[in-house]
Amino acid sequence: MVVVKNGKKWRGIVKVRGQYAGSRTFAYKRDAQRWVQEEVDRLRGAEDPSSFRRPFGDFLQAFHDRRKIEVRPTTYETEVHLAKRIPQEWLKQAVGTISKRQIERVLADMYADGTAYATVKRFRDVVRAVFTYLVKEGVIKDNPAHGLALPRRREQPVQMRPWSDIEWAETFVSWKERHQQAASVVLVLARTGLRWSEARALLVGDVELGEHPSVMVTKARPEGHTVSTTKSGKSRRVPLTADVAEVLRGFAEGKCPDDLLMPPMHRSRLTQQLAWAETSGERTLHDLRHTAICNWLRAGVDVATVREWAGHADLVMTSRYTHYLGLAHDALSIDKVNQLVSGINEAVGTSQVHTASNF
């Protein structure tokens, strides 16, 4: 146990099997001693002591090999890219001695150096996934990346920008004049809430154009990658509005059930055809999905149903849209409550009249 005087305070230094594992300063010596002992006990809890002493870098390739068969290709590529930002000193450090404080320091340094907050957060997720893998493999006992504190965010998060009804009507007319087919593709995305990769994977057989038109979303086909599962890993059925059903009927004409439903979809080509930079009002293609989800909520579709249609993993994600809609959505909801209460009051009033007449 190493505890040294540091000015008026005491500094506890943790070493496990000769490897430096971190330090912390306390006002009292007994607190520093207690912390050092707890850290040593925790770090010695590895199930495989020989693996515990191996460098962190020795396990990265095995982690990537495992993830390659567990996650979507795009997710795998992103994780490999972000893993390159792992500090070189970590790669040589005994895996069991990397501490939570070390990881938080790296995250803070990345953000201070100008790395985008979303990238820092994604890097945190990759590091956490690596240590989760090491725990499952019995290399270490506890995950030091569990419960990590992200740096305090300085910039405002990027807000979604769905189209309003008037903006959509004006913009869509402009798109139709520029390129009819590309405008139809955009309409499908803005009404169904499908992700770009999900729309690219649709087959003719996925669409039901009978009395209750709908589309079954089961796969994703990112550009440059093979077909994979949807982002949530689940299938879902999305009902179709009349205008979209008519568009898809045209897309399906003359095709077999196993043929791709949508015309060739390439982001760069579509944005050029629609002069997206000039016509979209600085929106992204993903804002078409935001538009669909906001429209469902504005129309009074309950949040649980919207979650199913959108393919969200949980209601937390869907609730972002209700917060975005704010007072407008609250007003729509309270109108429904007022209608219900009004009906109840009328029924109660009638009941009271009947009751009074019995006396």
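Quick one: would you say Leu340 is modelled with pLDDT under 90, more than 28 Å from Trp163 (Cα to Cα) and of a type outside the set (Gly, Ala, Ser)?
The answer is yes for Leu340.
Within segment 175-231, how many residues turn out to be acidic (Asp, Glu), open to solvent by 40 Å² or more (accessible area, probe 1.4 Å) and in contact (Cβ under 8 Å) with a residue 12 or more places away in the chain?
Number satisfying all stated conditions: 1.
Looking at (1) assigned to a loop (DSSP other than H, G, I, E, B); (2) at pLDDT 85 or above; (3) under 20 Å from the mean Cα position of the chain (by Cα); (4) within 17 Å of Leu285 (Cβ to Cβ), can you tell me which one Leu189 breaks?
The number of the failed condition is (1).
So which residues in segment 57-110 are charged (D, E, K, R) and buried (at least 16 other Cβ atoms within 10 Å of the Cβ), if there are any at all?
Result: Arg67, Arg72, Glu79, Lys100, Glu104.
Checking Asp125 against (1) open to solvent by less than 80 Å² (accessible area, probe 1.4 Å); (2) without any contact (Cβ under 8 Å) to a residue 12 or more places away in the chain; (3) more than 18 Å from the chain's Cα centre (by Cα), which single condition isn't satisfied?
That leaves (3) as the condition not met.
Closer than 30 Å to Ile103 by Cβ and not aromatic (Phe, Trp, Tyr) - does that describe any residue in segment 158-167?
Yes, the conditions are met somewhere in segment 158-167.
Just the residues that are part of a helix (DSSP H, G or I) and either among the basic types (Lys, Arg) or on the phi > 0 side of the Ramachandran plot (or both), please, taken from segment 260-300.
Of everything in segment 260-300, those that are part of a helix (DSSP H, G or I) and either among the basic types (Lys, Arg) or on the phi > 0 side of the Ramachandran plot (or both) turn out to be Arg267, Arg269, Arg289, Arg298.
The values are calculated or read from the model by the stated rules, or taken from the named source; none is laboratory data. Note that the structure is a prediction, hence the values are computed from the model and not measured. Note: ideal-geometry Cβ built from the backbone for every residue, glycine included; neighbour counts use all protein chains shown. When the accessible area is computed, the model is the full protein with side chains, heavy atoms only, and any ligands, DNA or RNA have been set aside. Shrake-Rupley method; radii C 1.70, N 1.55, O 1.52, S 1.80 Å.
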